Amino acid sequence: MSRRSDIFIGLMSGTSLDGADAVACQFKADRVQFLGHEHLSYNLSLRKALLSLLTSGPDEINRCGQTAIQLAHFYAQVVKRLLAKLNLTPQDIAAIGVHGQTIRHCPQLGFTVQLNNPALLAELTNIDVIADFRSRDMAAGGEGAPLVPAFHACIFSGDSPRAIVNIGGIANVTLLKGKTVLGFDCGPGNTLMDVWVQKHCGLLFDENGRWASKGKIVGALLEACLTDPYFKRKPPKSTGREYFNENWLLERFPLLPSLNPEDVQRTLIALAAQGILSAIAQTQPDTKELFVCGGGALNPLLMQELQKGPYGVFSTSVLGVDPMHVESMAFAWLAYRFANKKAGNLPAVTRARGERILGALYPAY
């Protein structure tokens, strides 16, 4: 059965565990045209199952298998909604690039796990699926993350030194200067804020930073967190929820339970911003502009904290890409690269021994 070869779907569910974003993109050479987007939030049952797998527990293998099946059905639902919105058929799509849901990222041990069932997703959608983007880079000695800097360099490069900052659960930065591209995870993004607001308010996230706006920055807490050696470590480096979590907060500041919860939330916003600003200052101090994507771009308080740095701060929307579409577009791009036998990693970013074609194909037929 003949298929188009130029339209790819990127499917991304990040460390914030809020749901999945799907985008359709058309490629001509390495030029990307955005066609459409669909978002679907996790239901409480699936989110709870995924959260439970972020730490070791009983019957993990069985729970991983069952949750991966649920996840594939969920992904298929997002894809079908996107196709309907754009009046496309499965035959119009070259492939789906799906990241999966990260439940472990342990580059220091040489492995990473993205929960996924790409074979089932191919069966459910009748579309070729390209998945498992991180493991090839890790096999070559890399961190397997971040993978988006290569895409950032493709679509966001400019005349002056600039930073592209993706603020999801973890914050990562791409530094662009001429033909030089650097990128790394710089610390917690939304993950600590989300954990804290869920614990104290029962909310999945602090919309627009409303709850945090009632608090004030606790200098001692901020300073204690910033003493963590991760912030001073030179890149390449990557991290995840395994490292930055509520236990990490308590270890850094045992008096945490005695603080006003709103003050903690406000401080966590400052922590995310300071981690980003210090990373840029240490690595590319002549940066002129900072462009933000991911959920953090929608938090006015976080954007205000970033504006305390010496850079112009903007959403990636001023560059023509909605901040909530960037990561999904990156995985459509990675799928396109795989299909055309082109490398998807940057050794300077991940520490891999060289460029590698990333991904594995699960044909629809």
- Query: Dividing the alpha-carbon Rg of the chain by 2.2 N^0.38 Å yields what?
  - Reply: 0.95
- Item | Tilt relative to the chain, helix 261-283 - C-alpha long axis, 0 to 90 degrees, to 10 | 70 degrees
- Item | Peptides 327-339, 57-69, 204-216, 145-157 ordered by average Cβ neighbours within 10 Å, highest first | 327-339, 145-157, 204-216, 57-69
- Query: From the phi of every residue in region 250-256, what ³J(HN,Hα) in whole Hz does the Karplus formula 6.51 cos²θ - 1.76 cosθ + 1.60 yield, where θ is phi - 60° and glycine or proline is x?
  - Reply: 5, 5, 6, 8, x, 7, 3
- P(r) of region 246-365 over all Cα-Cα pairs, 10 Å bins starting at 0, rounded to whole percent, reads 11, 26, 31, 23, 8, 1
- Phi to ³J(HN,Hα) by Karplus 6.51 cos²θ - 1.76 cosθ + 1.60 over region 324-339, Hz, x for Gly, Pro: 8, 9, 4, 5, 5, 4, 4, 7, 5, 5, 5, 5, 4, 4, 4, 4
- Message: Taking amide H atoms as placed 1.01 Å from N in the peptide plane, list the residues 5 or more away in sequence, or in a different chain, whose amide H sits under 5 Å from that of Phe184.
- Response: Val173
- Report in % the part of the accessible area of the chain that belongs to carbon and sulfur, leaving out ligands and nucleic acids; probe 1.4 Å. 53 percent
- Average accessible area per residue (Å²) across region 29-111 - probe 1.4 Å, nucleic acids and ligands excluded: 50 Å²
- Query: Once phi is turned into ³J(HN,Hα) by the Karplus curve 6.51 cos²θ - 1.76 cosθ + 1.60 with θ = phi - 60°, what whole-Hz value does each residue of region 92-104 show in order, with x for glycine and proline?
  - Reply: 7, 10, 5, 5, 9, x, 10, 6, x, 9, 5, 10, 8
- Message: For Phe111, what residues show an amide H to amide H distance below 5 Å, using hydrogens built from the backbone and excluding near sequence neighbours?
- Response: Cys106
- Query: Simple spin-label model, 7 Å along Cα-to-Cβ: Ser315 to Ala139 in nm?
  - Reply: 4.0 nm
- For Ser315, list long-range residues whose amide hydrogen, built 1.01 Å from N in the peptide plane, is under 5 Å from its own amide hydrogen. Val292
- What helix-only [θ] at 222 nm does the chain give? Using -39500 (n - 2.57) per DSSP H run of at least 4, over all residues, to the nearest 500, the answer is -11000 deg cm²/dmol
- How much length, in nm to one decimal, is gained on full extension between Glu123 and Arg63, taken as 0.36 nm per residue of separation minus their Cα-Cα distance? 19.5 nm
- Which percent of Cα-Cα pairs in region 214-280 sits in each 10 Å bin, short to long? 19, 55, 23, 3
- Query: What is the Rg over Rh value, at two decimals, for region 1-53, using alpha-carbon atoms and the Kirkwood definition of Rh?
  - Reply: 1.14
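The values are calculated or read from the model by the stated rules, or taken from the named source; none is laboratory data. Quantities reported herein were computed from a predicted structural model and do not represent experimental measurements. Neighbour counts run over all protein chains shown; Cβ positions are idealised from the backbone, glycine included. To get the accessible areas, we keep the full protein, side chains included, count just its heavy atoms, and leave off ligands, DNA and RNA. Shrake-Rupley method; radii C 1.70, N 1.55, O 1.52, S 1.80 Å.
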